[in-house]
Ligand SMILES: Cc1ncc(COP(=O)(O)O)c(C=O)c1O
């Protein structure tokens, strides 16, 4: 046995939920993802209970299935949108444009115009060129500027560097927004997805506070909103604090900086709402060793980096893997089915899988509801995109 082995399904799913998913999964051919919408419903309510003062903008990129969007629409969620394609999906479900934020800082002028024409009036930016495009294509809209954050070491899927700008530039942009006839509305940040260090929000909020104060004192600009992004946890192999602990700490950080009169607060959860609702089911295609005395078995399965498990890049997200076989375990390398040598999910972080695991056995990749289906290639090596079911 080794330390990475023997995950307990009950650490991730209550017995009834797992039973329900498993019973459905037993009727389908692998590979596929099953998402339990009742779990998303539960997570949404839990999130709202924990952040009663915040408006939720679901990050559609995590999983844009109509079943998910409809559920969240009916629960009152707003939507953080990354592209015109996501916008069409959400608006096709009769979501009104005042529930939508165009959160991508990288966008074409014609796409900004498209959002504006569909009625969206809330835009993120982090650069002068984009801001000038917004001023032309979406006149009078509300602008929030995304700032860079620290904490890339402690987030399993970091999001800074590419997005956000320095606080000095954020202030310049908010002043320019006003001068261009836009509404300088607020500041956003994303501390990195699956952020395990809650202090990352403290540091980011401290920078937001500086921007709020300086713009009020020096430029007479009264910002109204803080968008705290996502980063809230899902349950993977590397454990995190409970959502309640995040919420308590973050509320304390806001209170320390802004007192009891909170600005409008937005959160943009993706992973924390959806990931735990999904189980990706695959089958073992082949088990081999590379030499007669090879220490590690290679377990090849019918799902891989190109069919939904891209977040195993650099072994960043360590999905819990469950099999029905039990008994003595041995370290394995786990790889996908394609003829691409990059299609190895875990080699350095060794999963221990039962020695009696055999070809044809199923592997259950837990916590895979978010950032899997949409990352799946459409035809790499001829394999179709990952099939998904919603129960
Ligand atoms: C702008 C924005 N908001 C929210 C999210 C969702 O973050 P998470 O899945 O960590 O909740 C992302 C993820 O990429 C994002 O880019």
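Structural remarks
- Relative packing of 41-52, 327-338, which averages over residues the other C-beta atoms within 10 Å, highest first: 327-338, 41-52
- Degrees between helix 37-50 axis and first principal axis of the chain (Cα, 0 to 90, nearest 10): 40
- For peptides 219-232, 10-23, sequence by mean Cβ density within 10 Å, most packed first: 219-232, 10-23
- With 0.36 nm allotted per residue and the present C-alpha distance subtracted, the residue 10-residue 92 stretch has 25.8 nm of extension available.
- Cα-based shape type of region 174-214, given that a ≥ b ≥ c are square roots of the gyration tensor eigenvalues and the cut on a/c is 1.5: oblate
- Antiparallel %, DSSP beta bridges [both residues in region 103-269], to 5: 10
- Bridge type composition, region 296-391 - antiparallel percent by DSSP, nearest 5: 65
- Region 103-269 - percent relative contact order, Cα under 8 Å, separation 6 or more: 19
- Applying 0.36 nm per residue to the separation of residue 349 and residue 295 and subtracting their alpha-carbon distance, the gain on full extension is 18.0 nm.
- Subtracting the Cα-Cα distance of residue 260 and residue 46 from their residue separation scaled by 0.36 nm leaves 74.8 nm.
- Nearest-ten-degree value, helix 128-137 long axis tilted from longest Cα axis of the chain: 70
- With both residues required to sit in the chain, DSSP beta bridges show an antiparallel share near 40%.
- Separation between Cα centres of region 239-261 and region 1-76, rounded to whole Å: 24
- Cα-based helix-to-principal-axis angle, 243-258 vs the chain, degrees rounded to 10: 20
- Adding -39500 (n - 2.57) for every DSSP H run of four residues or longer, then dividing by how many residues the chain holds, sets the calculated 222 nm ellipticity at -9000 deg cm²/dmol.
- By average C-beta atoms within 10 angstrom, highest first, the peptides 369-376, 343-350: 369-376, 343-350
Throughout, read-outs are computed from the coordinates displayed, never taken from laboratory work. What you see is a predicted model; the values in this text were computed from it and never measured. Cβ coordinates were reconstructed from backbone atoms using ideal geometry, including for glycine residues, and neighbour counts include every protein chain displayed.
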